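Beneath this line is the structure, given in structure tokens, with notes to follow.
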Amino acid sequence: MTTYNPTEEQAALLRELADEYGVSTHFWDYHGQYRQVDAQTIVKVLVALGVELSDAPELPELTQALTDAKQREWSRVLPATTILRSGHESRLPVHVPHGTKVWVHVDLEDGSRWELSQADVYVEPREVNGQLTGRATFTLPANLPEGYHTVVSDHEDGSWHKAHLIVVPEALENELFEHGKAWGVAAQLYSVMSEWGWGEGDAADLADLLTLCAEQGADFLLINPLHAAEPKAPISDSPYLPVTRRFTNPAYIRPEWIPEVASLSEKQLGQLRAMARKARRKVSSGVDLIDREDSWALKRQALEIIYRAPRSIARQGEFERFVGRGDQTLKDYAFWCALQENKDTPGLRLSFELQSEYSEKLREELQDQINFHCWLQWIVSSQLKAAQQQAKDAGMRIGVMHDLAVGVHPFGAARWCNPEFFASHMSVGAPPDMYNQQGQNWSQPPWSPTALEECGYQPMKQMLRAVLAHAGGIRIDHILGLFRLWWIPSGHGAGQGTYVRYDHEAMVGVLLLEAKRAGVTVIGEDLGTVEPWVRDYLADRGVLGTSVLWFERGHDGQLLYPDQYRRLCLATVNTHDLPPTLGYLRGEHTKLRAELGLLEEPLEEVQAADQAELNQVLDRLKQLGLLPVDSDFDEEEIIVALHQYIARTPALLTAVSLTDAVGEVRAQNQPGTYREYPNWRMPLSDQFGKLVKVQDLKGNERFQRLLSAMNAAVE
């Protein structure tokens, strides 16, 4: 690795260049200390953003790069993408050879045309690349309709240019803001086993769980991301490391729910039942781990049998319309899946242009497999739609609340299909903090902010539209990623990265536009080091934040009282990145981190700090009358009291973790680990390690007690 030690003058130019591209040259760590970013990291990040620099740039190179950066805006006729808040007037700069005429109009999303008027604004012309360039300013009126539009400039020499204009809502309005508080349950769907499942939770289990929660008064069920995983082993266990966020994991299909099953022969039905029994045996008790690869291998065989069953004219028409609506992105994703299933075929090359002669030949050869993967997306989409309808029919105000992962697998479909949207040789993660003192590398390639701007945020729009298709709400994991992300250059440690800024007006604006069109509630996971203005900004735009009891503390370090919580938030006791509350009360999380070598402080010190924190929480619960002062209480009473505590907050939404409701002790995920801990493979179990199936919840006293207590407390 090249070592770059810039002179003071070089370092000053590098900092200025980094500022031009939104790359941080310093940050504040979790101890509140100022940290300077290594110069080599800054150079590598700038190169990933498209800046032409050598590994150790000298003064002339840095000077030229800075000059080019400052002329970027003037070097183009139109801004690549303009974001306009509905109800606000704005100005559009158009750059032309000085003294020439230009006319500008907007082609609206609905096909109509809107002429723009030129504003009487004089801007001094500049010399750009040897030509005197002027700026004409046009007015974007406040009454332009929301949507994805195109700006067109017509020039007196007969040329024309196009750019993106996105008009977004000022704020997301939601009926929840008018009709009071609601509560729900948070669950890792794959962990919820059932009597008739296939070794991991699926759409049918989702419908059952929604019904059970609705019967207890819940208004939503927050589930893990259902994004697509690899179609063939090895399959990533983490739902937060999908191959694409644009499509859904077909492992969540319940084969028996597919209408064409009715036309199968007795022999074929027998095969399906045998496969299902074999998949269920893989998780026979809470001690066994979920085996996604075996479960999917069996389910895929069953799905292929059903796929080849005859479909009615109406069903076939529905399938064909689904494929048509999915456009080229669905076909490319299905093509990638087919290629992955055949990647061991001699002579097959996976590194080729999507639109090439070799590509077209392969598409023809693999057409049946491509159709199969398109069919899988149709089936899983229809089953999720049915589950959401079940939730609404059962009385839920929101229903399914989907989770949106931060990014995608570095070798997944999203990057393969559209490499131009991603920054090269970079991965996303987090700097060191008190819970992960070595930092985190999530192995996810980041979207390039410059590429997003160039394409009008098309991949973000498509992704959101797909995830929100059958949802009542969405939780944005690490919503700070819409503002900035921690980029880590390849070969660097997690702590050797830096923050890269995104255009949050654009990112949040597209989110609000798609959420408004889908009619969903939006929650942002805004935990960690968050500047106060970010939370205020999101609240003003109608995005709810996230408040976790253990993290909600004042400047004095004391636990916030319930009435000190935000109103516009989802309040919970814990998250999927923390141990279940029972495990936390028993100190299992600290023991586990010590065993895995994740602590940088002595175990005894951390345990003492844990006990002091717990004592503080217990004292607060006693103070508020949620626990008895002069008598003993057990762990279950503490868990109920903690949830009653958050129910007393003004938070619009509160949630109970399903693991807390059944007494699970083991963490679903231990951040900072990969193979050291079986992340995302724990089936839902009780405190004794006994499997808890969805059918068991109906008579599960612990489940009933906690949900009833929450329902009574929120009302």
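Worth pointing out:
- Peptides 480-492, 140-152, ordered by how many other C-beta atoms sit within 10 Å of their residues on average, highest first, read 480-492, 140-152.
- Computed from the Cα positions only, the extents of region 73-168 along the three principal axes stand at 39, 25, 20 Å, in decreasing order.
- Cα gyration tensor, region 8-70 - rounded (a/c under 1.5), prolate or oblate: prolate
- Here LYS162 is the anchor, and the aspartates and glutamates within straight C-alpha reach of less than 12 Å, apart from those fewer than 8 places off in the same chain, are ASP107, ASP154, GLU454.
- For the pair HIS179 and ALA712, a Förster radius of 30 Å applied to the C-beta separation gives a FRET efficiency near 0.95, rounded to the nearest 0.05.
- Our helix-only sum for the chain, with -39,500 (n - 2.57) per DSSP H run of n ≥ 4 divided by its residues, gives a mean residue ellipticity at 222 nm of -11500 deg cm²/dmol.
- Summed over all non-identical Cα pairs, the Kirkwood treatment of the chain gives a radius of 27.7 Å.
- The simple spin-label model puts a point 7 Å past each Cα toward its Cβ; for GLU89 and THR137 those points are separated by 1.2 nm.
- Residue exposure sequence - VAL656, VAL261 - by fewest surrounding Cβ within 10 Å: VAL261, VAL656
- Beta bridges per DSSP, both residues in the chain: antiparallel share near 60 percent.
- Region 359-449 shape via C-alpha gyration tensor axes, a/c threshold 1.5: oblate
- Each label was represented as a point 7 Å from its Cα along the Cα-to-Cβ direction; for ASP344 and LEU269 these points are 3.4 nm apart.
- Treating r as the C-beta distance of SER117 and LYS70 and R0 as 41 Å, the FRET efficiency rounds to 0.90.
- Helix 8-20 vs. the chain, principal-axis angle (Cα, 0 to 90°, nearest 10): 70 degrees
- When peptides 445-457, 72-84, 110-122 are sorted by average Cβ neighbour count within 10 Å, with the highest value leading, the order is 445-457, 72-84, 110-122.
- Förster radius 41 Å - calculated FRET efficiency between ASP327 and TRP103, Cβ distance, rounded to 0.05: 0.80
- Footprinting exposure proxy ranking of ASP563, ASP630, ASP477, fewest other C-beta atoms within 10 angstrom first, gives ASP630, ASP563, ASP477.
- Order by protection proxy (mean Cβ within 10 Å, highest first), peptides 32-45, 596-609: 32-45, 596-609
- Distance violations [Cα-Cα > 30 Å] among LYS331/LYS392; LYS591/LYS693; LYS343/LYS693; LYS232/LYS361; LYS267/LYS343: LYS331/LYS392; LYS343/LYS693; LYS267/LYS343
- Cα long-axis angle, helix 458-467 against the chain (0 to 90 degrees, to the nearest 10): 20 degrees
- Of all aspartates and glutamates in the structure, those lying under 13 Å Cα to Cα from LYS44, and not within fewer than 8 positions of it along the same chain, are GLU52, ASP55.
Values quoted throughout were computed directly from the atomic coordinates according to the rules given, and no laboratory measurement underlies them. Model, not experiment: these values are computed from the prediction. So basically every Cβ, Gly included, is an ideal-geometry build from the backbone, and we count neighbours across all protein chains shown.
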